[in-house]
Structures are given as C-alpha cells and as structure tokens.
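Down below is the structure, laid out as structure tokens.
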Amino acid sequence: MRRPHRHNHLLGITFNLIKYFLLGLAGCTIAYIVALVVDLPLVASAIAFLLEQVLVRSLVLLGCLWAIAVINESARS
C-alpha cells in the first residue's frame with residue numbers, strides 16, 4: 001500500500017518565494033518602462049541600480065534554497 005505524500009514545507013516556501021520574486025521583477029520592469037516613457041531618468045536609473053545590486057544576489061539565494069529543497073525532498077523519498 002502506498003503512503004500518502006506529506007507536503008514538504010521547505011519546497012512550498014521556496015515556490016512561494018520564487019513566485020513573489022518573479023512578481024516583483026515584473027513590477028520593477030513595468031515601473032522601469034513607465035519611467036522611461038514618462039522621461040524620468042532619475043527613477044529609471046534608481047530602478048536599474050536596484051535590480052543590478054539586488055537581482056543577482058536574490059536569484060542566487062533562491063537557487064540555493066531551491067536546490068536544498070529538492071535535495072531534501074529526494075532524500076525523504
């Protein structure tokens with residue numbers, strides 16, 4: 001008889017963080033495009049600087065968290 005699959009909370013948290021990361025990235029992209037269209041170079045450069053500094057680090061952290069969650073899930077089954 002097959003055991004019911006227990007949900008891995010770490011995997012759920014990881015997917016939620018990835019979802020909100022992508023939503024935030026989409027929001028920043030829209031704000032950047034609007035700032036370029038409305039001709040607000042200070043706002044556009046601030047958004048670009050924020051994305052350059054935060055995006056790569058956040059993406060690396062989310063990738064590591066995803067890898068840990070996948071390894072943890074593989075070890076459990």
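Helix screen, the chain: DSSP H segments with Cα axial length of 24 Å or more and mean Kyte-Doolittle hydropathy at least -0.5 are 9-37, 56-76. The portion of the accessible surface of region 2-72 made up by carbon and sulfur, rounded to a whole percent, is 76 (1.4 Å probe; DNA, RNA and ligands excluded).
Using the 1.4 Å probe convention, the accessible area of the chain works out to 82 Å² per residue with neighbouring protein chains retained. In this rough spin-label picture, where each label sits 7 Å from Cα along the Cβ direction, the Leu36-Asn72 distance is 3.9 nm.
The Rg/Rh ratio of the chain, with Rg taken over Cα atoms and Rh as the Kirkwood radius over Cα pairs, comes to 1.22.
The values are calculated or read from the model by the stated rules, or taken from the named source; none is laboratory data. Just so we're clear, the structure is a prediction, and the values are computed from it rather than from any experiment. Glycine also receives a Cβ, built like all others from the backbone with ideal geometry; neighbour counts cover every protein chain displayed. We work out accessible area using only protein heavy atoms, side chains counted, and drop any ligands, DNA or RNA first. Shrake-Rupley method; radii C 1.70, N 1.55, O 1.52, S 1.80 Å.
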